[in-house]
Amino acid sequence: MMRAWQVLRRPAMPGRDPDVVLVKDGVCWPALFVPVLWGLFRQQWLFVLAFLALSLTLVAAAVLGLDPLTEAALTVLANVAAALFANDWRTWRLEAQGYRLVAVIGARSHDEAERRWFLELAEEAVPPAGPVRKPWLPMLDGA
């Protein structure tokens, strides 16, 4: 099944090479099942803090008398929301760090998307970093 992959690129800066990150569009399965671990792994600190705050609020509500079925439903809803928006949050964080969307690639896996980007599409989508130099052609004056 083909998936869409966003290609985000941070331009080269003094002392740092350009960087490319591929982010899959769609549901993030790790964020559905282990949202806090996903947030820690992807360095989504605000996500982790917000999710922990929501979890603690649900625990406090349960202690104060919230129905267990309602608590379970709200927990599942929070995990589903995390899974649906996790890759978007990751893209927003990368854009805040200076990355820019340069292409969207259709591929079956992350490896295939990387292969397509670096072997086929990178030179077409990314403008050269410096001025374009034309090859020197000696002028013939007819002599």
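The values are calculated or read from the model by the stated rules, or taken from the named source; none is laboratory data. Keep in mind the model is a prediction, meaning the values are calculated, not measured. Backbone-built Cβ (ideal geometry, glycine too); neighbour counts: all protein chains shown. Only protein heavy atoms, including side chains, enter the accessible area calculation; ligands, DNA and RNA are left aside. Shrake-Rupley method; radii C 1.70, N 1.55, O 1.52, S 1.80 Å.
Tabulated results
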| read-out | value |
| --- | --- |
| Region 53-83: number of residues that are acidic (Asp, Glu) and part of a helix (DSSP H, G or I) | 1 |
| Residue tally, condition closer than 23 Å to Trp38 by Cα and of a type in the set (A, V, I, L, M), over region 57-106 | 17 |
| Lone qualifier among Ala125, Ala143, Ala107 - being modelled with pLDDT under 65, under 16 Å from Gln6 (Cα atoms) and either surrounded by 14 or more Cβ atoms within 10 Å (Cβ to Cβ) or of a type in the set (A, V, I, L, M, F, W, C) (or both) | Ala125 |
| Test: residue in region 40-57 that is of a type in the set (Ser, Thr, Tyr) and open to solvent by 60 Å² or more (accessible area, probe 1.4 Å) | yes |
| Cβ pairs under 7 Å, 6+ apart, first in region 33-60 and within 18 Å of Ala83 (Cβ to Cβ), second basic (Lys, Arg) | Arg42/Arg90; Gln44/Arg90; Gln44/Arg93 |
| Residues of region 1-43 satisfying the condition of being over 14 Å from the mean Cα position of the chain (by Cα) and part of a loop (DSSP other than H, G, I, E, B) | Met1, Met2, Pro11, Ala12, Pro14, Gly15, Asp17, Pro18, Val34 |
| Hits in region 60-100 (condition: among the charged types (D, E, K, R) and more than 24 Å from Trp29 (Cβ to Cβ)) | Asp67, Arg100 |
| From the options Ala50, Ala86, residue that is in a helix (DSSP H, G or I), at pLDDT 90 or above and within 13 Å of the chain's Cα centre (by Cα) | Ala86 |
| Filter result for the condition that a residue is farther than 15 Å from Val21 by Cβ and either part of a helix (DSSP H, G or I) or aromatic (Phe, Trp, Tyr) (or both), over Glu120, Glu114 | Glu120 |
